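Beneath this line is the structure, given in structure tokens, with notes to follow.
The values are calculated or read from the model by the stated rules, or taken from the named source; none is laboratory data. Model, not experiment: these values are computed from the prediction. Quick reminder, even Gly has a Cβ in these numbers, built from the backbone with ideal geometry, and neighbours come from all protein chains shown.
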Amino acid sequence: MKVDKASRYTRTHEWVRQEGAELVTGITDYAQEQLSDIVYVELPAVGEHFDKGEVYGVVESVKAASDCYMPVAGTVTAVNDTLGDSPQLVNEDPYQGGWFVRFTPDDPKAIEALMDADAYEKYAAASEGAH
Amino acid sequence: MARQTELYSRHEALGGRIVEFAGWLLPVQYPSGPLEEHHTVRRAAGLFDIDHMGQVVVKGPEALQFLQRVVTMDVSQMAMGEAHYSLICYEDGGIVDDIFIYRLPDRYFIAINAANTDKDYLWFRYQMGRSKVTVDNVSEETYMLALQGPKAAAILQQLTPARLEQMPYHRATENQVAGVPTLIGRTGYTGEDGFELFFPREKAQWLWDRIMEVGAPLGLKPIGLAARDSLRFEAKMPLYGQEISATINPIQAGLSWAVAFGKDEFVGRGALLKAKLEGSAVRLVGLEMIDRGVPRHNYAVALNGQTIGVVTTGMYAPTLGKYLALAYVPKEQAAPGTEVQVIIRGEAKRAQVVKTPFYTPAYRR
């Protein structure tokens, strides 16, 4: 399981990273591994606003559809259209090429309340043990 | 409690992700993932642990007459060593199960679905009456593996004296495989060339290991349930509980070809003849998504906001690279090119009826 040191993490296995004034989010390496082959990602429209924890998208693997939760409240400024033809990027490169949405947070400091990479690594390892 | 197969430790060692299926603990996938497993079977070969499948043996002086009455195909037309797809129906035409019958010198050997094993066996017992037949459920002592893919014959030939190049599709022979007495059927559930192997349960690990050993250089990989489903789906092979069930008759399912109306009385004949003459109001069709989205089992099919049908199986089809579904729709919407919608999470996504099978099985090429 890989983690991105520059990202913060949710308990629902999303990563979120500051890039300039915006935040970028996607699902973690642990999450993509659990889901296995991803065949479709449904993403929101640019301009949509979501609260923290609200479902903003759906990621579909061969066997199941899973919700994606907004890590902190914000307004979508861009979505990763390349996932339409290449959903496998989520499996291959979850923290870079496999990003889901870019958004402007309501509160720029909200991200600081989330787990850092070390805390998430422990959290995910414990989740794995529970399986 | 779900049961482990004899190969459970092999699946664990291979990193298989174990799930419960029809009361058995089986690998849904191995680490390479279901998409790669699917392609492996289309391009090289795959080995499947399908011991969850059931088997029944029918023999005795009236075995033929008994089967003629219980199954939909004309068993009297089977050549020695032939394997044939058939159905078992209820009186009302609903499907008890879909099966493969093997005609062997001393018996009829029947492969049945895992989830239906007990039901089928009881159904056979109740249909016996005073017939001079014995019906034995041999599922416990019989192990079943499937070796499927264009390289399957080359792999199996290294382990058996049976002359596979002289064995056409849907033929069976009894011979040794790696020293194990095996019923070899040139049959399968993937749309590829391949074999299904039936042999004594205690030889499962030995035979699995021998096949993997000789197959590995030819690209053989173990394959899980997820790829088994996508492979059979592309070839439009029905899955009991999805495309077919007790409330669906063979005419609706597009399986009229598996019903021999010309033979004498069999269970369900009257109802099926009526259904055939009246024509089915619903048809099983293929759908291809126009809008993006993954159609799945039980999603509604709609036309202008009204539900008109249901998806039986849907998924991203790996060989075709498309989002496809099998669905029941009214016959008025069954023509290829007809546009309908699939309701995905409350949203109507456009799809169109397309010809099936999506992928032409090897035995029909």
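Number of residues in segment B:208-231 that are part of a helix (DSSP H, G or I) and within 14 Å of another protein chain (Cβ to nearest Cβ) equals 7.
Checking each residue in segment B:117-172 for being within 17 Å of B:Ala83 (Cβ to Cβ), of a type in the set (Val, Ile, Thr) and surrounded by fewer than 19 Cβ atoms within 10 Å (Cβ to Cβ) picks out only B:Val138.
One residue is enough: does segment B:347-359 have a residue meeting the conditions in a helix (DSSP H, G or I), farther than 16 Å from A:Lys63 by Cα and over 21 Å from the mean Cα position of the chain (by Cα)? Break it down stepwise before answering.
Step one: filter segment B:347-359 for residues in a helix (DSSP H, G or I), giving none.
The answer is no, given that none of the residues of segment B:347-359 is in a helix (DSSP H, G or I), farther than 16 Å from A:Lys63 by Cα and over 21 Å from the mean Cα position of the chain (by Cα).
If you go through segment A:42-64 and pick out every residue that is under 16 Å from B:Arg345 (Cβ atoms), within 9 Å of chain B (Cβ to nearest Cβ) and crowded, with 17+ Cβ neighbours inside 10 Å, you end up with 4.
Among the candidates A:Asp107, A:Asp67, the residue that is away from chain B (no Cβ under 14 Å) and exposed (fewer than 15 other Cβ atoms within 10 Å of the Cβ) is uniquely A:Asp107.
For (1) of a type outside the set (Ser, Thr, Tyr); (2) assigned by TED's automatic domain parsing to the domain that holds B:Arg228; (3) modelled with pLDDT of 95 or more, each residue gets a yes or a no:
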site: B:Val19; (1), (2), (3): yes, yes, yes
site: B:Trp24; (1), (2), (3): yes, yes, yes
site: B:Asp74; (1), (2), (3): yes, no, yes
site: B:Cys89; (1), (2), (3): yes, no, yes
site: B:Gly93; (1), (2), (3): yes, no, yes
site: B:Tyr102; (1), (2), (3): no, no, yes
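Listed conditions (1) away from chain B (no Cβ under 13 Å); (2) buried (at least 19 other Cβ atoms within 10 Å of the Cβ) are all met by A:Val90, apart from (1).
With the structure loaded, tell me whether A:Val59 is closer than 21 Å to A:Met1 by Cα and touching a strand residue (DSSP E or B) at 6+ places or on another chain (Cβ under 8 Å) or whether it fails that test. Lay out the reasoning, then the answer.
Numbers: closer than 21 Å to A:Met1 by Cα: yes; touching a strand residue (DSSP E or B) at 6+ places or on another chain (Cβ under 8 Å): yes.
Taking the combined requirement at face value, the residue satisfies it.
Taken together, the criteria place B:Val301 among residues that are more than 14 Å from chain A (Cβ to nearest Cβ), of a type outside the set (Phe, Trp, Tyr) and crowded, with 23+ Cβ neighbours inside 10 Å. Annotation: of all residues in segment B:10-39 being in contact (Cβ under 8 Å) with a residue 24 or more places away in the chain and more than 13 Å from chain A (Cβ to nearest Cβ), the one that is surrounded by the fewest Cβ atoms within 10 Å (Cβ to Cβ) is B:Gly23.
Test B:Ala258 against the criterion of being within 18 Å of the chain's Cα centre (by Cα), small (Gly, Ala, Ser), at pLDDT 95 or above and farther than 21 Å from A:Asp37 by Cβ, and give yes or no.
Details: within 18 Å of the chain's Cα centre (by Cα): yes; small (Gly, Ala, Ser): yes; at pLDDT 95 or above: yes; farther than 21 Å from A:Asp37 by Cβ: yes.
Yes.
Only residues that are more than 20 Å from A:Thr75 (Cβ to Cβ) and among the small types (Gly, Ala, Ser) were counted across segment A:8-40, and they come to 2. Listed by first and then second residue, the pairs linking a residue in segment A:26-41 that is within 11 Å of chain B (Cβ to nearest Cβ) to a residue that is among the basic types (Lys, Arg), with Cβ atoms under 7 Å apart and 6 or more places separating them unless they lie on different chains, are A:Tyr40/B:Arg292.
Out of A:Val39, A:Val76, A:Val55, A:Val24, I need the residue that is touching a Ser or Thr at 6+ places or on another chain (Cβ under 7 Å) and of a type outside the set (Lys, Arg). Which one?
Numbers: A:Val76 fails: touching a Ser or Thr at 6+ places or on another chain (Cβ under 7 Å); A:Val55 fails: touching a Ser or Thr at 6+ places or on another chain (Cβ under 7 Å); A:Val24 fails: touching a Ser or Thr at 6+ places or on another chain (Cβ under 7 Å).
One residue alone meets the criteria, A:Val39.
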